[in-house]
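Here, each number is a calculation from the coordinates, and none is a lab measurement. These numbers come from a predicted model, not from an experiment. Backbone-built Cβ (ideal geometry, glycine too); neighbour counts: all protein chains shown.
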């Protein structure tokens, strides 16, 4: 800045000397005033402009941290704390995954959600069939969960058009992601741009960019035979007990960034979410399962709070883990997190998933009251996130933040 000012001064001096009798230069240089007054006025004007520029620069830099009713100092301190949080990768889909992300974003910004792309129903299925894109619905929910829920843009992203028109049932966020995919040239680029618009704390990735279909074998109640159902949306609504699920095609490449995130993660969380239709599809991609096993991260499976009609009727936590191991083998996870509060009305056809008794599970189980009191069939996002942070702390040492040093709300190892 000093050199720029010196250069301008030399240029102006040269112009002044070349045209000493110019009336315009006489006015601009305030020749009628004593030199000390001119120096004082110009110096004051210069300092005023510098001060104004610094104030504006400060406002621009602080804009991401300014929130109504909150001190900027506190916001900056929290931003720095979250920036030092652990690298956590979560795998799944549906409402369970977005619920977990809402809690985890209060503890770290180094979050990666690897989301299933087997959905073929509703708005996502229609876009998948008409445009050939991966289904954006679960990805949209995760983007919204990692952003500031109070922001109008997030509410707009989740807006669903009313029935009766050509956009019947479509979500604005799904259409927005599809449009960005077209503008950016690829689906993953469009998804990244959508994350920038929402200012998400972390990243959301599809498990694969290939088109996959989920297929289930269900045992009929009337005899020992089984039927095969193709399509994620049809599996829960078809009567019978699920024997096995698989994806078609079976050998698809995982998203490269998903593999990198898994290998560099400090904690990998599987679930919560519909066991067969949200959690399994990503784990059945060979590259995903291999990367989880190769990673040095702490690997946790979160068992669902309640059963799901058409998928896990009559399941307890032990059967959830057994189904997981039957499809991907033992040793994929090191710890299971299970809810042990069974209070509240779940509605017809739904029951609480009971945590196993001591020593009954094949892997260690951490139990605690982790469901939402108002909606007892779901996890409480804050409580669940605190439990996971507590588990991570037990392995690595305390983290900076409000959770560190506290008991994990009744958490008890099995």
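Build a GNM of the chain with springs between Cα atoms under 10 Å apart, and of 48, 147, 264 the one that fluctuates most is 48. Going from the residue with the fewest nearby Cβ atoms within 10 Å to the one with the most, 267, 370 rank 267, 370. For the pair the stretch 117-189 and the stretch 291-326, the centres of their Cα atoms are 28 angstrom apart. Of all DSSP bridge pairs formed entirely within the chain, close to 45 percent run antiparallel.
When log10 I(q)/I(0) by the Debye sum over Cα atoms at q = 0.06, 0.14 Å⁻¹ is computed from the coordinates, the matching label among (1) -0.34, -1.30; (2) -0.27, -1.29; (3) -0.22, -1.31 is (1). Here the relative contact order of the chain, from alpha carbon pairs under 8 Å that lie six or more residues apart, stands at 14 percent. Expressed as an acute angle from 0 to 90° and rounded to the nearest 10, what is the orientation of the C-alpha long axis of helix 2-18 relative to the principal long axis of the chain? For helix 2-18, the angle is close to 30 degrees. Rounded to the nearest 10 degrees, the inclination of helix 122-131 to the longest alpha-carbon principal axis of the chain is 70 degrees. Of 232, 163, 21, which is the most mobile in a GNM of the chain whose springs link Cα atoms less than 10 angstrom apart? Comparing 232, 163, 21 in a Gaussian network model of the chain, the most mobile one is 21.
Within the listed set 44, 144, 219, the residue fluctuating most in the Gaussian network model of the chain (springs between alpha-carbon atoms under 10 angstrom) is 44.
Based on C-alpha pairs under 8 angstrom that are at least 6 apart in sequence, the stretch 77-136 has a relative contact order of 32 percent. Residue order for 381, 274, fewest other beta carbons within 10 angstrom first, comes to 381, 274. Taking the Cα atoms only, what angle lies between the long axis of helix 35-62 and the longest principal axis of the chain, rounded to 10 degrees? Between the helix axis and the principal axis of the chain, the angle is about 0 degrees.
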